[in-house]
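What follows is calculated from the coordinates using simple rules that are stated; it is not laboratory data. It should be emphasised that the depicted structure is a prediction, and the values quoted were computed from it without experimental measurement. Don't worry about glycine lacking a Cβ; one is built from the backbone with ideal geometry, like all the others, and counts go over all protein chains shown.
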Amino acid sequence: MSASATVLAYRGEPKDTAEHFHGNHLLYLGWDRHLMFCAPVCVPLPPDTPFSVLTEQVLPAAYAQHPDFARIDWNRVEWLLDGQPFTPDPARTLAEQGIGHKSLLRLRTPGLDGLGGSAS
């Protein structure tokens, strides 16, 4: 059985646009090969947040419960921003580095592949 739209000119108003978050942007954070966290977490952050705040405060708050987190070598982390390789500058803000509302920032931690190498 096929499906068809009953409203041809539907125009919905998105409720998750940046202006609904009091100056904050939503940032999705994912840690590859650590599926104890089954999906990226989403945090609201001001666009003028320095990137260093992510590694020093935001990521620990989100992921420190995982045993691998304490073993991360931050100099070896590989970053992806919206699916593209990314080299962050810890001193620059999220906005200055093109990290915008609803961006997805993923980190890969070489040598750390989840509990017992299970990707979990």
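Things to note:
- Mean projection of the Cα convex hull over all viewing directions, computed for the stretch 33-88: 4.4 nm².
- Projecting the Cα positions of Gly114, Leu29, Val77 onto the charge dipole of the stretch 21-117 (unit charges on Cβ atoms of Lys, Arg, Asp and Glu, taken about the Cα centre) puts Gly114 furthest along the positive direction.
- For Gly114, residues with placed amide H under 5 Å, excluding near neighbours: Ala119
- Relative contact order (percent, whole number), the stretch 21-117, Cα cutoff 8 Å, 6+ residue spacing: 41
- Among (1) 59, 28, 21; (2) 53, 41, 24; (3) 44, 30, 21, the entry derived from the coordinates for Cα extents along the principal axes in Å: (2)
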